[in-house]
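Notes follow the structure.
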Amino acid sequence: MTDDELIDKCLQGDQRAQKALFEKFSRKMMSVCMRYVSDREQAEDVLQDGFVKVFSHLKSFKREGSFEGWIRRTMVNTSLDHLRKKRNMNLDTDISEAEYLAGEDENVVGKMRVEELMKLIQGMPPGYRTVFNMYAIEGFSHQEIANELGVTESTSKTQFRKARTYLMSLIGERENI
């Protein structure tokens, strides 16, 4: 069944179509949620809340862009809402000592498996992880991140730089083991 057919049937209240839509996208969207929250149980909650939003706002999807992209954006926004409610997204955490630990050899990333890299990203402080995910993975601009998180554009850029440095230091530590 195509996305358009799924959307049409879901809008008609077809529960089988709703289940099919969930099964089609839930695995990918779970990885989106896992990038923002640090444990699986919270990510499952965010995923569930996100799909509630998807189904309740499905009629607002204009079918002009990618349906998967629209769902992904809903999951990112739901993840950000979750972080705001938890108030654990500290954008002022200072780990400047990690800056000098980061090596210049960024080729190490190419040698890592995706699962290893995602685990390192999940271990980052919440504020760093959030900005890193939004910029490096989701493709938000720093201005969009600033607007979404209620910070300045320079704060977004600084947090991304610190997140990148922090991540590179973790990668460097793993390589030295």
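Just to be sure I understand the model, the point goes 7 Å from the Cα along the line to the Cβ. What's the resulting PHE22 to GLU41 distance in nm?
2.1
Which lysines, if any, have their Cα less than 21 Å from the Cα of LYS9, not counting same-chain residues under 8 positions apart?
Candidates past the 8-residue exclusion: LYS19, LYS24, LYS53, LYS59, LYS62.
Readers should treat all values here as calculations from the given coordinates under stated rules, not as data from a laboratory. What you are looking at is a predicted structure, and each value in this text was computed from that prediction instead of being measured. For neighbour counting, all protein chains shown are included, and Cβ atoms are generated from backbone atoms with ideal geometry for every residue, glycine included.
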